[in-house]
Amino acid sequence: MSTKTSELPRRNKYDVDEILESEFSIEHLKRSGVYIRRHAKSLIAAFITSLISILAALAIPYLLMLITDEFIPAKDIRGIIITGLIGALLTVVIMVTSQIKGKICIKTGQTIVSEIRKDLFEHLQTLPFDYFDSRPHGKIMVRVVNYVNTIADFFANGIVNIVIELLSLVIIPFFMFATDVKLSVIILTGFIPFFVYIIFTKKAIRRRARIHSNKNSNINAYYQESINGMRITQSFSREDTNLQIAENMATDCKNSLINARYLQHTMSPLFKLVSALMTCLIYYFAIGGTSLLPVGVILAMATYCKRFWQPLINLGNLYNQIQDVAAYLERIFEILDTPSLIHDEEGAIKLPPITGNVEFCDVCFEYEEDCPILENVSFSVNAGQSIALVGPTGAGKTTIVNLLSRFYDIKSGKITVDGYNIHDVTLRSLRSQMGVMLQDTFIFAGTIMDNIKYGKLGATDEEAIAAAKTVCAHDFIISLPKGYDTVVSERGASLSAGQRQLISFARTLLSDPGILILDEATSAMDTRTELLVQKGLNNLLKGRTSFIIAHRLSTIKNCDRIMYIADKSILESGTHEELLKAHGAYYKLYTAQLD
Ligand SMILES: Nc1ncnc2c1ncn2[C@@H]1O[C@H](COP(=O)(O)OP(=O)(O)OP(=O)(O)O)[C@@H](O)[C@H]1O
Ligand SMILES: [Mg+2]
């Protein structure tokens, strides 16, 4: 980290750099071979076209030498014309092959981008909630979007280029030695400064590349969070402070990039200088030697000298690129290597359509080792019953319903649905039969119709409208200027919280779940709206097992059973009337709310 960077005060959690492996690891490059192998044919085609192009380019100085040293002195007009035409033809070959190579590389690169993104996205969708809760989303985005681009460019162009440049380093000396041995040896001494440079700058280049990728990741994470939290920022008038933080991070990012590029950019001019010195040496030895060399040989050797250095410079640049790519691959594989804690067990069966009997037998659960959240929780629910979960904040109500959807695995005990242990059925068949509605309803960018249909793939407009009518969402939707075609933004900012909830009711009804879970789902509504949707809600609950979590007890009074969760277990259980009579914790809570 530069001195300037470390002097800046600590600003927020996004300013913490990710610590990954410290050394360059060839393992990541090897592992990425799986993507390269899939495109071996295209890469070989790109390689062959590049090879043709290089050979054609190298033949041109040789033709010039022939014209200058042989055909001009002999006044061989026919020879000059034929050689000139061959030169022109070779130029066309260079143009065409370069064009073809470019096309192949773009296509291969972009195909690799989509393959890596697909793998990343597929894996991300299987990761536990914890993964997303424990790291800034912006940092995940940077990996999936930016890093993948750089890597794919390297896979498509870089790998072909490395092979080509290495090959050039063999082919060019071949042409050089065919032209003049002594001058060729002089040119080859240029390898020495090249290796010295690489040895001395290797570590610093790698370190600076990593620092920059961290800073870039940090700023992305901060922007992402700031955009999501803009309302809170504005309501707390935090704009100036946040701007200062963003500015500091942008400065960090800029400085780290300048530091990284500065070192990388010393290579090209340095080697151009060496190349120029070598050319001078060629002229010196060619003219100052015992016998004056023919003009054509001198010109050809000067051209070869220049061309010989180009692959070295290119390889140096590619070396820098490999450093970046290795740093990025490390982060990408970190995602792919994160295990999906919850997955289908071997031999898991498909849960058949359920009626909705649920049983918890001695369920114990903890998020973190030795911090039990639930201990020996047992209850059974018959199909179609409505169960309310009440209790103090942090008691474990949400945890219970999350366990039912198997978002977390239990420590001991058993949870069954219609007699099937949820551990033994596929996640997809289990979760697709559960309708979960939360307090913060998620609305996707699109029309209201799209959002309702999200509940069931291939649903018709009529089905969606019928669902909206059942949950009493239809009236408010048709009162909007474009009705069901009204476009709502991501997270549904243009709708009220209650309206968002009504849409989510319709969406859930359309998915026709056997078990319904409402976690504070109606808490965003005012009492009048709640009364309005109560009828819709009753329609939604009809014939389904439902778990309703609510702090406002008036909404759950009519449930078949109320369970009071506290002290890691079910403290009380019974109907509203029974619990009131018992004069226990529920009674206290209920009477407190009446005040
Ligand atoms: N992902 C998690 N990792 C670690 N601990 C967690 C996690 N989620 C919840 N907890 C802890 O588990 C306990 C139960 O949380 P839960 O969300 O189930 O409470 P709740 O009864 O739904 O509360 P509320 O009424 O406030 O929604 C809490 O002490 C909480 O801190
Ligand atoms: Mg909760």
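Kindly check whether there is at least one residue in region 107-114 that is over 17 Å from residue 46 (Cα atoms) and assigned to a helix (DSSP H, G or I).
Keep residues of region 107-114 that are over 17 Å from residue 46 (Cα atoms), which gives 113-114.
Retained after the next criterion (residues that are assigned to a helix (DSSP H, G or I)): 113-114.
Yes - at least one qualifying residue is present in region 107-114.
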* Those strands (runs of 3 or more DSSP E) lying entirely in region 349-453 with at least 2 residues at pLDDT below 90 and either within 16 Å of ligand 2 (Cβ to nearest atom) or of a type in the set (Asp, Glu) (or both) -> 434-438
* Asked: Which pairs have Cβ atoms under 8 Å, sit 6 or more apart or on different chains, and link a residue in region 397-415 that is not assigned by TED's automatic domain parsing to the domain that holds residue 126 and among the aromatic types (Phe, Trp, Tyr) to one that is within 13 Å of ligand 2 (Cβ to nearest atom) and not in a loop (DSSP other than H, G, I, E, B)?
  -> 408/399; 408/402
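Would you confirm, using the coordinates I've provided, whether residue 465 is touching a helix residue (DSSP H, G or I) at 6+ places or on another chain (Cβ under 8 Å) and modelled with pLDDT under 85?
On the way: touching a helix residue (DSSP H, G or I) at 6+ places or on another chain (Cβ under 8 Å): yes; modelled with pLDDT under 85: no.
Answer is no for this residue.
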* Asked: Inside region 228-240, can you point out the residues that are farther than 17 Å from residue 137 by Cβ and either touching a residue at least 60 places away in the same chain (Cβ under 8 Å) or outside any helix (DSSP H, G or I) (or both)?
  -> 236, 237, 238
* Given the conditions (1) in the same structural domain as residue 517 (by TED's automatic domain parsing); (2) within 16 Å of residue 127 (Cβ to Cβ), and given that residue 343 satisfies all but one, which numbered condition is not satisfied? -> (1)
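Residue-wise test of (1) of a type in the set (Asp, Glu); (2) surrounded by 21 or more Cβ atoms within 10 Å (Cβ to Cβ); (3) farther than 30 Å from residue 40 by Cβ.
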| position | (1), (2), (3) |
| --- | --- |
| 171 | no, no, no |
| 184 | no, yes, yes |
| 187 | no, yes, yes |
| 191 | no, no, yes |
| 208 | no, yes, yes |
| 238 | no, no, yes |
* Does at least one position in region 367-383 carry a residue that is within 16 Å of ligand 1 (Cβ to nearest atom), in the same structural domain as residue 555 (by TED's automatic domain parsing) and touching a helix residue (DSSP H, G or I) at 6+ places or on another chain (Cβ under 6 Å)? -> yes
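Within 16 Å of ligand 1 (Cβ to nearest atom), under 27 Å from residue 538 (Cβ atoms), in contact with a Cys (Cβ under 7 Å, 6 or more places away or on another chain) and in contact (Cβ under 8 Å) with a residue 40 or more places away in the chain, is that true of residue 387?
On the way: within 16 Å of ligand 1 (Cβ to nearest atom): yes; under 27 Å from residue 538 (Cβ atoms): yes; in contact with a Cys (Cβ under 7 Å, 6 or more places away or on another chain): yes; in contact (Cβ under 8 Å) with a residue 40 or more places away in the chain: yes.
It is true that residue 387 is within 16 Å of ligand 1 (Cβ to nearest atom), under 27 Å from residue 538 (Cβ atoms), in contact with a Cys (Cβ under 7 Å, 6 or more places away or on another chain) and in contact (Cβ under 8 Å) with a residue 40 or more places away in the chain.
Among the candidates 122, 165, 115, which residue alone is surrounded by 15 or more Cβ atoms within 10 Å (Cβ to Cβ), modelled with pLDDT of 85 or more and in the same structural domain as residue 41 (by TED's automatic domain parsing)? Before the answer, list the steps.
Values: 122 fails: surrounded by 15 or more Cβ atoms within 10 Å (Cβ to Cβ); 165 fails: modelled with pLDDT of 85 or more.
Of 122, 165, 115, the one residue that is surrounded by 15 or more Cβ atoms within 10 Å (Cβ to Cβ), modelled with pLDDT of 85 or more and in the same structural domain as residue 41 (by TED's automatic domain parsing) is 115.
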* Give the number of residues within region 115-153 that are aliphatic (A, V, I, L, M), part of a helix (DSSP H, G or I) and in contact with a Ser or Thr (Cβ under 8 Å, 6 or more places away or on another chain). => 2
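Any chance region 167-174 includes a residue that's more than 16 Å from residue 329 (Cα to Cα) and not in a helix (DSSP H, G or I)? Reasoning before the result, please.
From region 167-174, those more than 16 Å from residue 329 (Cα to Cα) are 167-174; that's our starting set.
Then drop every residue that is not not in a helix (DSSP H, G or I), which leaves none.
For region 167-174, residues more than 16 Å from residue 329 (Cα to Cα) and not in a helix (DSSP H, G or I): absent.
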* **Residues located in region 460-481, provided they are surrounded by 12 or more Cβ atoms within 10 Å (Cβ to Cβ) and not in a helix (DSSP H, G or I)** => 471, 472, 473, 480
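From the list 292, 243, 273, 277, exactly one residue is in the same structural domain as residue 208 (by TED's automatic domain parsing), without any contact (Cβ under 8 Å) to a residue 12 or more places away in the chain, in a loop (DSSP other than H, G, I, E, B) and not β-branched (Val, Ile, Thr). Which is it? Step through it out loud before you land on a result.
Details: 243 fails: in a loop (DSSP other than H, G, I, E, B); 273 fails: in a loop (DSSP other than H, G, I, E, B); 277 fails: in a loop (DSSP other than H, G, I, E, B).
After ruling out the rest, the residue left standing is 292.
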* Asked: Taking into account only those residues within region 357-404 that are in contact with a Pro (Cβ under 9 Å, 6 or more places away or on another chain) and surrounded by fewer than 21 Cβ atoms within 10 Å (Cβ to Cβ), which is farthest from residue 559 (Cα to Cα)?
  -> 366
* Could you list all residues from region 407-427 that are surrounded by 19 or more Cβ atoms within 10 Å (Cβ to Cβ) and either of a type in the set (Ser, Thr, Tyr) or within 16 Å of ligand 1 (Cβ to nearest atom) (or both)? => 410, 415
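The values are calculated or read from the model by the stated rules, or taken from the named source; none is laboratory data. All values derive from a computational prediction rather than experimental measurement. All Cβ positions, even for glycine, are placed from backbone atoms using ideal geometry, and neighbour counts span all protein chains on display.
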